[in-house]
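The values are calculated or read from the model by the stated rules, or taken from the named source; none is laboratory data. Not measured: the values here are computed from a predicted model. Using ideal geometry, Cβ is built from the backbone for each residue, glycine included, and neighbour counts are taken over all protein chains shown.
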Amino acid sequence: MLGLAAVILTISSCSKDGDIGPIGLTGQQGEQGIQGSQGEQGSAGQDGDALGVPGEQGEQGADGTNGTDGINGTDGANGTDGTDGVDGTNGINGTNGTDGSDGEDGNANVIASSWTNLNFPSSWNTNNEARFELSDVNITQEVIDSYALLSYVKFTSTNIAASSFPFVSLGKQYEIHDSMMVGEYVAFAIVNDKVARPTPPTNHQVRYVLIAPSSLSGKSNAPTLEKMQKDGIDTGNYKEVMDYLGLDH
């Protein structure tokens, strides 16, 4: 600014004395002044939505009344019954079948025990005997009076075939016999060697079979002791007897 004023002053002074001289060269532009500090930020304007306060939500309206049920339709008329069909012709009666063969007779007249351990006492009584008694409700007075008794003994520790009663031990040290009482089967061992007097046997089992006579069996061909002997069955052979009577070994 001071440079410009000097130029103007110079021009004014020269005009007084002589002709106006040519315009001098433009001086260099002065340096840019320092940028002023940024002004403070103005306060924020109000939110447009905040000017108006929202109203409260209204209550839900009541449910409408249910409509009236429609009237039921009229039932349709029943259809006409169909005509009955013609009865078919009766078939020809079939021929009667051939009668089957008669079944084998059972052994209801036979009572058989299972194999049972002969639990003799550990010593002989004063009669040199040792008794074993087995309860059996099948042994009635009628059985004692009429039935045949077949008894067999075997060793429990070996597979030696069963022997019939009376049983005599190896060396004839003792014998085993049996009998029946009402409700009981009785086996008794008798010591023969009264000097050595071995203890009563402890490793034997017994099984007995009671066979009714034909007069009680109700069938003429039922197995009886007489019929077995007539058919050649060795009643002392345990396997033959069991097979003949249809019993398990």
Next on the checklist: Consider region 149-173. How many of its residues are surrounded by 15 or more Cβ atoms within 10 Å (Cβ to Cβ) and under 50 Å from the mean Cα position of the chain (by Cα)?
Outcome noted: 10
Checklist entry - So how many residues does region 177-217 have that are within 14 Å of Ile111 (Cα to Cα) and of a type in the set (Lys, Arg)? => result 1
Next on the checklist: Please verify whether Val195 is among the hydrophobic types (A, V, I, L, M, F, W, C), at pLDDT 90 or above and either within 22 Å of Val143 (Cβ to Cβ) or loosely packed, with under 13 Cβ neighbours inside 10 Å (or both), treating the condition exactly as stated.
Outcome noted: no
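For residues in region 219-239 being loosely packed, with under 15 Cβ neighbours inside 10 Å and free of Cβ contacts under 8 Å to residues at least 24 places away in the same chain, which is farthest from Asn127 (Cα to Cα)?
Residues of region 219-239 loosely packed, with under 15 Cβ neighbours inside 10 Å: 219-221, 226, 229-232, 234, 236, 239.
Going one step further and asking which of them are free of Cβ contacts under 8 Å to residues at least 24 places away in the same chain, we end up with 220, 226, 229-232, 234.
Numbers: Ser220: 44, Glu226: 35, Gln229: 35, Lys230: 39, Asp231: 40, Gly232: 39, Asp234: 33 Å.
The residue in question is Ser220.
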Next on the checklist: Of the conditions (1) within 20 Å of Thr116 (Cα to Cα); (2) basic (Lys, Arg); (3) part of a loop (DSSP other than H, G, I, E, B), Arg131 satisfies every one except a single condition; which number is it?
Outcome noted: (3)
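Output the residues belonging to region 154-205 that are hydrophobic (A, V, I, L, M, F, W, C), under 17 Å from Glu129 (Cα atoms) and assigned to a strand (DSSP E or B).
Within region 154-205, Phe167, Val168, Ile176, Met180, Val186, Ala187, Phe188, Ala189, Ile190, Val191 meet the criteria.
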Item to check | One residue from Tyr174, Tyr244, Tyr238 being closer than 19 Å to Ile111 by Cβ and touching a strand residue (DSSP E or B) at 6+ places or on another chain (Cβ under 9 Å) | outcome: Tyr238
Next on the checklist: Against the definition (over 19 Å from Val191 (Cα atoms) and assigned to a strand (DSSP E or B)), how does Ser151 come out, yes or no?
Outcome noted: yes
